[in-house]
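The values are calculated or read from the model by the stated rules, or taken from the named source; none is laboratory data. Values in this document were obtained by computation on a predicted structure and should not be read as measured data. Every residue, glycine among them, receives a Cβ derived from its backbone with ideal geometry; neighbour counts consider all protein chains shown. Protein only, heavy atoms only, side chains kept; ligands, DNA and RNA dropped before computing areas. Shrake-Rupley method; radii C 1.70, N 1.55, O 1.52, S 1.80 Å.
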Amino acid sequence: MPSTNPYAQFEKAFSKGGVNYKYYDLPSIDPKYDQLPFSIRVLLESAVRNCDNFHILKKDVECILNWNPDNKLGQNDEEISFKPARVILQDFTGVPAVVDFAAMRDAVLELGGNPEKINPICPADLVIDHSVQVDFSGTSDALAKNQNLEFERNKERFTFLKWGARAFDNMLIVPPGSGIVHQVNLEYLARVVFETDTEGGKILYPDSVVGTDSHTTMINGLGVLGWGVGGIEAEAVMLGQTISMLLPEVIGYELVGKLGPLVTSTDLVLTVTKHLRQLGVVGKFVEFYGPGVGELSIADRATISNMCPEYGATVGYFPIDENTLNYMKQTNRSEKKIDIIRQYLLATRQMRNYADDSQNPRFTQTITLDLSTVVTSVSGPKRPHDRVSVKDMKTDFAACLMNPVGFKGFAIAPDALQTCGQFQWDDGKSYTIKHGSVVIAAITSCTNTSNPSVMLGAGLLAKKAVEKGLTIMPYIKTSLSPGSGVVTYYLKESGVIPYLEKLGFDIVGYGCMTCIGNSGPLDENVVNTIEKNGLVCCGVLSGNRNFEGRIHPNTRANYLASPLLVIAYAIAGRVDIDFEMEALGTDNDGKKVFLRDIWPTRNDIQEVENKHVIPAMFQEVYSKIELGSKEWQTLQVSESKLYPWSAVSTYIKRPPFFEGMALMLPPLRSIRNARCLLYLGDSVTTDHISPAGSIARNSPAARYLSENGLTPKDFNSYGSRRGNDAVMARGTFANIRLVNKLITKTGPRTVHIPSQEEMDVFDCAERYREEDTPLILLVGKDYGSGSSRDWAAKGPFLLGIKAVIAESYERIHRSNLVGMGIIPLQFLPGQNAESLGLSGREMYNINIPEQGLKPGQHIQVEADCNVFDTILRFDTEVDITYYKNGGILNYMIRKMLN
């Protein structure tokens, strides 16, 4: 049984307004406390408060207190347990979580237990945000049309989630049409400091969160420690489990100076992203400090924290300061709440003054950026950390066209560089596009739409552009998807909406949309012209990811940019432009208009922001957010605690994860006579693995839906069908840009080795299943980078993949593989499939010891006559426990029943 907290003597209290508030006096525990990074102090507080020598041990607390900046990852790694204060889910990963909870209830009942034990213990906030696909853009009623279409397509999924909100306690669901999960988290859900009722008063402790989207890190800009985890791991946290993690290195990132008057926060974040990616911060905390931090708004900080997955760190943390509390006031948090937060943070020395160097903790390593050196930038054409200064964009794109195929190359033949194509538009005019032509321009994604400075900046730029008579070509698909209703509010109040709409940037809905691949279809004339002429056309978006095949299959080059530059490139109609030397167009008098003529300064933007971004807006928008739209309110749901699964549903299906499960642990077995399903290279992202975007008409998923009586117009997106494992398994590795070394062409195909027959990945996996052949993957570096999608692990599990052998893994994806019972193996340093002479056509045996399995041990692999050692990437004893149970959810069921 849990014992008394050994740190109970450090509990203190204060009274305010007749209420008694308790907290743990962290500075009194040990003098070393003041040397700890502020992010580590949050881990420490959680360990102290939850220490019961059962879930969290006293040695966990001591380990954190003794955090040593000289310890490097991989050397004397210290494992600790961490209990986050809450979990946040977004729609696409929230649906599978609720599906799994519902299926777990069924499994518990079938094994003779009480199904209502399966219930969130840790508070869970679920925001329905990612579902909109922009079918309608550039029209005055785009928002209404898209939201009506959203409910028409996704009514069944919404009904299921509304059932979940009633069936499960401690779960809050924010209805569709409210905003992007991370912005709603920043503006409304974040507590900064929790108040929880206990005997004798309320206990105060820092807000901390894990979420099922890698961009959960955005909340670190508000001083809330949080990061993305796999959907499977998040479900375990909801069930009261701790997270097992290695105590991280903490990189101190010092900011000095001030941003230039024409530079945006987007330019800053793209600079930071490239800088930290080059430094190498995977698996580490980055903590910002220095006087330059005080110059940044919370929205600026959140923009930097949001891009944390793109520079590879676990978190990009900004400790709480007075600016944080001022933001809470601006976003309509109560003065009383803010006063209590301030008093608690000062008492526990968790509040920073960035101008006071004496507060600087010790860091593993420190680096410095002078904000005055940041220049206007974009990133692309295929990765978010490939920053290009705007002044170099024309020459850089020209080089990309000629470079060999790769992250910065398309290998266009010299005689095809000037290729162009013409098409007729609805207005009867003929238009010409070429390499570099912009066909998608989207102000989208939480990275920037949370930031009033760049959103209002885009509005002011649009105003000046329209007043100068500038326009955008009608074939360019333009869209504006704000992060929350507050953004719409202040854009309207500031008077810039009509100018944005004049340029085609109508509000189309609230969600990630284009950034997640939901731009909707391009006009067939545009698509045909691109495909016929082999053009490298472009998408420009204010998003955070531009991996191949993510934005749209017909935009081979995609650039991340500030909302202001999205509009600028849309007006130019191409990315190969030198804005200094080339005009955007001509004004009403025929005079040339350059970008500098319409670009607002930071002071211009700040003046408008101070006037129009006010607490009353946040109060009005968020006072009714949980009520939802009329469509949401009228959804009729079952009152049953067990979900009434429909045998004919193509949206919500009971998953097969718990079929045949027994209470007793199955014995460990080696993997024998396995085949390689796919042989992949470096930087394979979850966009390559997990089903995302629209469902191609010639895909296995499309065939399945057709067999169930659906026509292509009703296929919807993979995201919308994440509650149906049959669709998702068929969409795994369905990315058209997948490069599989077992075949010669790019695409979602592979080879059935025994027959040498080429086929779709899913069909090949099914053939192997019929032959009772286990499967593995061979991959290169950074396997599973990108979004923290649980289906990037669930899908391979359903395909029959038992192990992955990679050069290295992205942190969240490795955890997801473990959570599904898939073995992550890593080549020894300096080795890879190529150096070992592997072709992927061998028969593989992986020798798993039946006893004494340990984290990080060497595992022998036999590939025909080739025998080599790999590193077992079970990083903790908890990982091994999950694997022995066949996955984390199976472990939770057995734990509750035993």
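Take the conditions (1) among the acidic types (Asp, Glu); (2) farther than 30 Å from SER720 by Cβ; (3) modelled with pLDDT under 90; GLU62 misses just one of them, which is (3). Selection over segment 556-572 of residues that are open to solvent by 10 Å² or more (accessible area, probe 1.4 Å), part of a loop (DSSP other than H, G, I, E, B) and more than 17 Å from GLY517 (Cβ to Cβ) gives a count of 0. Within segment 427-439, the set of residues being open to solvent by less than 10 Å² (accessible area, probe 1.4 Å), assigned to a strand (DSSP E or B) and more than 15 Å from ASN525 (Cβ to Cβ) comprises VAL438 only.
Of all residues in segment 68-112 being assigned to a loop (DSSP other than H, G, I, E, B) and acidic (Asp, Glu), which is surrounded by the most Cβ atoms within 10 Å (Cβ to Cβ)? Once the filter is applied, the top-ranked residue is GLU78. Out of curiosity, is ASN185 open to solvent by 10 Å² or more (accessible area, probe 1.4 Å) and of a type in the set (S, T, N, Q)? When the stated conditions are applied, ASN185 does not pass them.
Among the residues of segment 625-651, what is the count of those that are surrounded by 11 or more Cβ atoms within 10 Å (Cβ to Cβ) and either in the same structural domain as GLY509 (by the TED database) or not in a loop (DSSP other than H, G, I, E, B) (or both)? Summing the residues that are surrounded by 11 or more Cβ atoms within 10 Å (Cβ to Cβ) and either in the same structural domain as GLY509 (by the TED database) or not in a loop (DSSP other than H, G, I, E, B) (or both) in segment 625-651 gives 2.
Candidates GLY539, GLY469, GLY495, GLY459: the one that is within 19 Å of LEU564 (Cα to Cα), assigned by the TED database to the domain that holds GLN424, at pLDDT 95 or above and in a strand (DSSP E or B) is GLY539.
Taking (1) part of a loop (DSSP other than H, G, I, E, B); (2) on the phi < 0 side of the Ramachandran plot; (3) in the same structural domain as VAL438 (by the TED database) in turn, GLY590 satisfies each apart from (2). Residues in segment 227-276 that are within 19 Å of THR364 (Cα to Cα), of a type in the set (A, V, I, L, M, F, W, C) and in contact with a Lys or Arg (Cβ under 8 Å, 6 or more places away or on another chain): VAL250, ILE251. With respect to the stated conditions, GLY228 is within 19 Å of the chain's Cα centre (by Cα), closer than 30 Å to HIS55 by Cβ, crowded, with 24+ Cβ neighbours inside 10 Å and at pLDDT below 95. Scoring ASN146 on the criteria (1) surrounded by 24 or more Cβ atoms within 10 Å (Cβ to Cβ); (2) modelled with pLDDT of 90 or more leaves a single failure, condition (2).
Considering only segment 652-670, state which residues are open to solvent by less than 60 Å² (accessible area, probe 1.4 Å) and out of contact with any Phe, Trp or Tyr (no Cβ under 7 Å at 6 or more places or on another chain). Within segment 652-670, PRO655, PRO656, PHE657, PHE658, MET661, ALA662, LEU668, SER670 meet the criteria. Every condition in (1) touching a helix residue (DSSP H, G or I) at 6+ places or on another chain (Cβ under 8 Å); (2) assigned by the TED database to the domain that holds PHE762; (3) not in a loop (DSSP other than H, G, I, E, B) is met by CYS676 except one, and the failing one is (1).
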